[in-house]
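For reference, the structure is listed below as structure tokens.
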Amino acid sequence: MGTTDIGVSVNGLAFEHGRERAYLPNPELTFRKGAGDNWDWGGRLTLLGLELGTRHRLLDTASWTLAVAPSAGLWYVPVTNNYSEPVNFRLGAQALLDYRLHPRWTLTGGASLMGAVAGPLTAFQGRFSGTNLLAAPGGSLGVAFRLSPSLELRAEGGLELPFDLRGDRRQTTGHAGLTLRWRRADRR
């Protein structure tokens, strides 16, 4: 409680485009605001979408932190093989486990499960033919180095394994990137 985090990320996405793999830069701006002793709220804005959510710390010791982070977002997804569903409304959660290796080094692992309504751009006009329900389990791994008490550098990567709830498997997507994050205590 009483802190604000702001981060700037340089990320890259890997996805299927046609019959080839494609790679896309995806800069990101993140923010988090401490709202209570064991929870905060925040979001991220990228070239491809917006996500908002909360994070709830379930365990916080000197070495470990365990948290769950439910979120909702609206994304443009450039995966275009046999599907034309560039608009995704996503709802889901991530479990995050931080392990502090040293006062300056933190290792973070995450497991997520997202659900998505994926459809064509005509969904904004109220025409939903071609819309599908997707589930996307995933995972991530990151390492952070605290440069100063208020500045952190983090490297992170992850995968997502989406599939259509009717049973069609989709192509795996991945991300990797670097984040520079500032933390400041709010003035009262």
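Here are some notes:
- Residue within the range 131-144 that is open to solvent by 30 Å² or more (accessible area, probe 1.4 Å), at pLDDT below 95 and touching a helix residue (DSSP H, G or I) at 6+ places or on another chain (Cβ under 9 Å) present: yes
- In summary, strands (runs of 3 or more DSSP E) completely within the range 1-118 and bearing 2 or more residues that are open to solvent by 30 Å² or more (accessible area, probe 1.4 Å) and more than 24 Å from residue 144 (Cα to Cα) occur at 20-25, 64-76, 87-100.
- Filtering 7, 53, 42 for residues that are under 18 Å from residue 94 (Cα atoms), touching a Ser or Thr at 6+ places or on another chain (Cβ under 8 Å) and touching a residue at least 24 places away in the same chain (Cβ under 8 Å) leaves a single hit, 42.
The values are calculated or read from the model by the stated rules, or taken from the named source; none is laboratory data. Since the structure is predicted, the reported quantities are computational estimates derived from the model, not experimental observations. We place every Cβ from the backbone using ideal geometry, glycine too, and count neighbours over all the protein chains shown. For the accessible areas, the whole protein counts, side chains as well, though only heavy atoms, and no ligand, DNA or RNA atoms are used. Shrake-Rupley method; radii C 1.70, N 1.55, O 1.52, S 1.80 Å.
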